[in-house]
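For reference, the structure is listed below as structure tokens.
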Amino acid sequence: MRRSAPVTLLALTVAGCAYYNAMWSAERFAKDARRLEARGFDTEARTQWGRAAVKAESVMVHHPHSRWADDALVLRAEGLAHAGTCALAAAPIAKALSTVSEAALRERAGLAAARCALQNGKPGDADRALGEALASNDAGRRSRAEYLAGQGAASRFDYDAALEHFARSREPQALPARARALLAVGRPAAAAAVLDTIALGRFDADAWTELLDGLGAAGGGGGGGGAEAASAALDRLFARARVPFTDRARLLIADGDRRLAREDFDGAVARYRQAAASVPVAEAGTARVRELRVMVSRAAGRADLGPVVIELTRIAGPGGNAGAGGAEARGLLEVVTRVVAPPRTPGGGFRVAELARDSLGAPRLAGQLFLELAATDSGSLFAPKALVAALTLLPDRHDSIAAVLDRRYAGSPYTRALHGEASPAYAALEDSLARELGVELVRGAPAIARVGALRTGPRGPWLDEPPVVRAPPPAGRGRERPNEPGRVPTERPAERPIVRPASL
């Protein structure tokens, strides 16, 4: 009996050490996870949170009645919630909220519950779970609660409440969230001011790409948004923050794309050249290809595309050293080559003009190609439709084109549709043109299931979109040719062509 007392004491000591080590490890993993979250390493943080949850569960299983049992329960709930496994977190969260009495632990459990409620699309449940944490005496927990409450309000489109919550939060994610909310309520100037504050903190390339795109899309004028505002915010970022060269180039290319979309060709070229100068030669290929796209957009005739074809051929070749720009160069070269080649039929000419308009974004070139088609084949079914299409692409020649339509094609269904007159022959004429273009017409057939469906209207491929993948055809129909990567589709979706005279 005398020997059993030391043995028992030793066993208790070993058990206590094991229990303490398990809890210490769980807290260490949680601390590492919080530090990784603050630095923006979300994937790594989720891994550490998962490890913290496992260690905390070990404490709960082996020491269910210890004084640290409630801490282990709450830490397990937090770990599972932050790891994104809210289905597993539901039970420990519910148990913690129903059994734990300590205020700090209850606030942490409420934060975990709110996080999972937001992940599950239940902002109302998140609001109820945050009640204690929002009134906490601990500034850190109160800040996290304000951020989560702001997310819940934003998900309900209550942006005024979201802005108030985000303003009271000191979480790193609160400032970008506030900028998004300001953009959502049409206050781009205020959002730009928030971006200037964000620039003083840790740089996050993905967040900046999203926010600058949002600011660029917010509209210009007196509102403080638009491409100019996005460019100015980007310049201020470069002046205040250390941005890695590769991220700098990507942001400059995205800014050039925004300017190109607004037909600010000179501004787009300047941004692309800045991007090319900020990275090694192999990484500058994308910027150079985008600059060539500007040349294509400015083209007024096929002759303007000659230098573009030569440069794209060099970049896309084995010795082009274009890095990621090589694939983009090959895709652009394929479409440009199709446009440069003289068409053999009126239908081919119409398709080429559509490629210039829809895929290359070259309105002057497309308008000229439509006019050439109408002049070369004035008796073709395509002639009046080509003139109607040229009207919107060449506004400086609108009156002369309209005069030709009224004088030479006054009875055409396209001319009558342009003037708002009904024409029973319109649908029949569209069907005839569609057959000559190789467009499949199906009436009364079920829609074809497809992934990444083509946009309704334009027939040209979009250079920035992946190829279309179609499901097998329904029984009783011939197989359709798949859209191979990089190949211009030869069929439109199996549906009746949409009548839209202004964009024909």
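For Ala53, what is the net charge nearby, where nearby means another residue's Cβ is under 11 Å from its Cβ and Lys, Arg count +1, Asp, Glu -1? So the surrounding residues net to +2. One decimal place: the segment Phe157-His419 gains 90.1 nm when fully extended, by the rule 0.36 nm per residue minus the C-alpha distance. Centre-to-centre separation between the Cα atoms of the stretch 291-350 and those of the stretch 122-188: 49 Å.
In the stretch 96-158, the ratio of gyration radius to Kirkwood radius, Rg to Rh, stands at 0.97 when only Cα atoms are counted. Which FRET efficiency value, to the nearest 0.05, is calculated for Arg202 and Arg273 with the Förster distance at 22 angstrom and r the Cβ-Cβ distance? For R0 = 22 Å, the calculated efficiency reads 0.15. FRET efficiency for the Ala167 to Met295 pair, using the beta carbon distance and R₀ = 41 Å, is estimated at 0.30.
What shape does the stretch 301-383 have by the C-alpha gyration tensor, where a ≥ b ≥ c are the square roots of the eigenvalues, rounded means a/c under 1.5, and otherwise prolate means a/b greater than b/c and oblate the rest? Prolate is the answer for the stretch 301-383, as a/c is 1.5 or above and a/b outweighs b/c. Taking only protein heavy atoms and a 1.4 Å probe, the accessible area of the stretch 163-278 is 50% carbon and sulfur. Surface calculation, 1.4 Å probe, protein heavy atoms: Phe166 sits at approximately 10 Å² accessible. Subtracting the Cα-Cα distance of Ala375 and Ala217 from 0.36 nm times their residue separation leaves 52.9 nm of extension gain. Note on surface exposure: Glu228, Glu78, Glu328 rank Glu228, Glu328, Glu78 by accessible area, highest first, 1.4 Å probe.
The alpha carbon radius of gyration of the stretch 175-299, expressed as a multiple of 2.2 N^0.38 Å, is 1.03. The length gained on full extension between Arg67 and Ser98, counted as 0.36 nm times the residue separation minus their Cα-Cα distance, comes to 9.4 nm. The listed residues Trp208, Trp24, once ranked by accessible area (1.4 Å probe) with the largest placed first, stand as Trp24, Trp208.
In the context of the full set of protein chains, the stretch 96-198 has a per residue accessible area of 46 Å² (1.4 Å probe). In straight-distance terms, cross-link reach from Lys122 covers every one of the lysines whose alpha-carbon lies under 20 Å from its own, apart from those fewer than eight places away in the same chain; here that gives Lys95. Taking the solvent-accessible surface of protein heavy atoms with a 1.4 Å probe, what is the per residue accessible area of the stretch 247-405 in Å²? The answer is 42 Å² per residue.
Taken over the C-alpha atoms, the stretch 35-179 has Rg and Dmax values of 14.9, 48 angstrom.
The values are calculated or read from the model by the stated rules, or taken from the named source; none is laboratory data. Keep in mind the model is a prediction, meaning the values are calculated, not measured. Reconstructed Cβ throughout: ideal geometry from the backbone, glycine too, with neighbour counts over all protein chains shown. Each accessible area value is taken on the protein alone, full model and side chains, heavy atoms only, with ligands, DNA and RNA left out. Shrake-Rupley method; radii C 1.70, N 1.55, O 1.52, S 1.80 Å.
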